[in-house]
Amino acid sequence: MAKKLNVNPNRMELSRLKKRLVVAKRGHKLLKDKQDALIKAFLDLAREIKKLREEVEEELAECYRSFLLARAQTLPAMLEQSLMITGTKINLSVKYKNVMSVVVPEYQVEQSGSILNYGLATSPGSLDVALERFSSVIPKLISLAAKEKSLNLMAAEIERTRRRVNALEHVLIPSFAETIHYIKMKLDEQERATLSRLMRVKEIVRSH
């Protein structure tokens, strides 16, 4: 049962509570609509992430297969020396966008330079293939990380919105309604008592 608010049962308080009830119902509808839209966006993003993750995992598997082949065809010292030489630079920039009041990140990655900075005569072609594959999968990995971060932020916002919707629906709105009902009953009682007193006064006046 809803808990009645501790207020003075008068017409001013009744008017104030009625206005608050209207605002609470309007806020509840807006939050409910926001929650529904967030859940839809969350599910769409989750499906997108699932597809991208499957692509990334498949490409990474190919990368590791190529690298294992290169390692089998190369002496450990030569492989280590080849991998120590780097001529590639990666620039990562972050932008933010607003999705249903949730600020989510967007990562942009730019690679420059060449990943093949070792003696091609002393290394197998399988190493070239492995490094090129690793380089090509990096943007997808960054995109996957951004999307998963966005999904976590949206999940947290959905939970916050759900709690607010429940608080309005099960606590605040019923309390307002119960208190309004209580004040109306009290005002009706006062009106009946006043009317009864007036009738008695009228009878006394008539008897004299």
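The values are calculated or read from the model by the stated rules, or taken from the named source; none is laboratory data. Keep in mind it's a predicted model, so treat the numbers as computed, not measured. No Cβ is skipped: glycine too gets one built from the backbone with ideal geometry, and neighbour counts run over all protein chains shown. The area values use the complete protein model at the heavy-atom level, side chains included, leaving out ligands, DNA and RNA. Shrake-Rupley method; radii C 1.70, N 1.55, O 1.52, S 1.80 Å.
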| Relative to the Cα centre, what is the charge dipole magnitude of the chain, using +1 at the beta carbon of each Lys and Arg, -1 at the beta carbon of each Asp and Glu, and rounding to the nearest 20 debye? | 2420
| request: Run the 1.4 Å probe and let me know the accessible area of D188, rounded to the nearest 10 Å². | output: 80
| request: Tabulate in residue order the Karplus-calculated ³J(HN,Hα) for segment 164-170, using 6.51 cos²θ - 1.76 cosθ + 1.60 with θ = phi - 60°, rounded to whole Hz; enter x for Gly and Pro. | output: 5, 4, 5, 5, 5, 6, 9
| message | Could you tell me the center-to-center distance, by alpha carbons, between segment 7-74 and segment 126-191 in angstrom? | response | 6
| task | Please work out how much accessible surface H181 shows to a 1.4 Å probe, ignoring ligands, DNA and RNA, in Å² rounded to 10. | result | 100
| What residue among T88, Y182, Q73 has its Cα farthest toward the positive end of the dipole of the chain, where the charges are +1 on Lys, Arg and -1 on Asp, Glu, each on the Cβ? | Y182
| With every protein chain in place, the chain: carbon and sulfur % of accessible area (1.4 Å) | 58
| note | P(r) of segment 132-208 over all Cα-Cα pairs, 5 Å bins starting at 0, rounded to whole percent, reads 3, 12, 8, 8, 7, 6, 7, 6, 6, 5, 5, 4, 4, 3, 3, 3, 2, 2, 2, 1, 1, 0, 0
| Gyration tensor (alpha-carbon) shape descriptor, segment 1-72, a/c threshold 1.5 | prolate
| task | Return one whole number: the accessible area per residue of the chain in Å², for a 1.4 Å probe. | result | 69
| field | Listed residues L195, L172, L187 arranged by accessible area, highest first, probe 1.4 Å | value | L195, L172, L187
| field | Burial ranking of peptide ranges 150-158, 54-62 (average Cβ count within 10 Å, highest at the top) | value | 150-158, 54-62
| said: At 1.4 Å probe size, put I138, I204 in order of accessible surface, largest to smallest. | reply: I204, I138
| query | How big is the Rg/Rh ratio for the chain, C-alpha atoms only, Rh by Kirkwood, two decimals? | reply | 1.47
| Mean separation of Cα contacts under 8 Å (6+ apart) over length of the chain, as relative contact order % | 37
